[in-house]
């Protein structure tokens, strides 16, 4: 992406290239001489964190806008869930049983991508965290349909590369979890959560909290695998304790299959963001 060619001043690309042609002298080798925006040591300074946060927000935003992507279907889920053909490699029997959700994720992404492509729009593009397991299945399903998908990766010490099914030009990498989470939700038209661990639950509850508190519009919010989620989280106990409202249990729905999810999203009743939190006024 070039600077505006109509601008009367030299653009940054030209000066970056010119600076690389400078003679090799003690002065040009000094860090102080390096252009600020090409100086990686300078950009990584503690004082530059606000700039890095801004850049991580801005870069994906500009690229997604350039590709005309206006809305996304968000898929959260466990990186450790294998595809059924590899379930014998699962660390636990439960993970092996959960492998069926790899296929459900893949099929859901395929169906949603086909629907998006059929409408001829750039709406409802699948977005995952770009890693293995459920994330891989989501990106793979989009490829099955002949479409594109987004991967929002995060630098982790134990993962070396995105999964191979992410559309390369829509494959992003983040340092800041917070900015990555913003990009998951800024275009979200629906949120689908598959069985997973700490990361999945972190994303699940943060998104639910934004909807619960009215900071985000209510979008279709689907939890795949009722038995898993009801075993892991005692939803009714939260409502009975009064720490959430019974009405908060209506913010999401349980589903088991890709077809069921497609039907629920198609028929989801649109509601505006909440203007109050049920149960709070009773305490005031």
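The values are calculated or read from the model by the stated rules, or taken from the named source; none is laboratory data. Remember, it's a predicted structure, so these values are computed and weren't measured experimentally. Glycine also receives a Cβ, built like all others from the backbone with ideal geometry; neighbour counts cover every protein chain displayed.
Observations on the structure shown:
- Search result, residues across segment 201-247 that are surrounded by 13 or more Cβ atoms within 10 Å (Cβ to Cβ), in contact (Cβ under 8 Å) with a residue 40 or more places away in the chain and farther than 23 Å from residue 141 by Cβ: 208, 211, 212, 213, 214, 216, 217, 218
- Members of segment 100-149 found to be assigned to a helix (DSSP H, G or I), farther than 27 Å from residue 90 by Cβ and out of contact with any strand residue (DSSP E or B) (no Cβ under 8 Å at 6 or more places or on another chain), listed by number: 114, 115, 117, 118
- Selection over segment 175-184 of residues that are surrounded by fewer than 20 Cβ atoms within 10 Å (Cβ to Cβ) and either closer than 20 Å to residue 257 by Cα or in contact with a strand residue (DSSP E or B) (Cβ under 7 Å, 6 or more places away or on another chain) (or both) gives a count of 1.
- Within segment 58-99, the set of residues being in contact with a strand residue (DSSP E or B) (Cβ under 7 Å, 6 or more places away or on another chain) and not in a helix (DSSP H, G or I) comprises 69, 71, 72, 73, 74, 75, 76, 77.
- Failed item, numbered, when residue 69 is tested on (1) closer than 30 Å to residue 225 by Cα; (2) in contact (Cβ under 8 Å) with a residue 40 or more places away in the chain; (3) in contact with a helix residue (DSSP H, G or I) (Cβ under 6 Å, 6 or more places away or on another chain): (3)
- Residue within segment 24-46 that is farther than 25 Å from residue 159 by Cα, touching a strand residue (DSSP E or B) at 6+ places or on another chain (Cβ under 7 Å) and in a loop (DSSP other than H, G, I, E, B) present: no
- Pairs meeting the criteria (first residue in segment 122-140 and on the phi > 0 side of the Ramachandran plot and surrounded by fewer than 24 Cβ atoms within 10 Å (Cβ to Cβ), second residue modelled with pLDDT under 95 and in a helix (DSSP H, G or I), beta carbons under 6 Å, at least 6 apart or on different chains) are 124/116.
- All positions within segment 100-118 that are surrounded by fewer than 21 Cβ atoms within 10 Å (Cβ to Cβ) and either closer than 28 Å to residue 180 by Cα or at pLDDT 95 or above (or both): 100, 103, 107, 111, 114, 115, 117
- A count restricted to segment 233-272 and to residues that are in contact with a strand residue (DSSP E or B) (Cβ under 7 Å, 6 or more places away or on another chain) and at pLDDT below 95 stands at 1.
- Hey, residue 171 closer than 17 Å to residue 81 by Cα, surrounded by 14 or more Cβ atoms within 10 Å (Cβ to Cβ) and in contact with a strand residue (DSSP E or B) (Cβ under 9 Å, 6 or more places away or on another chain) or not: no
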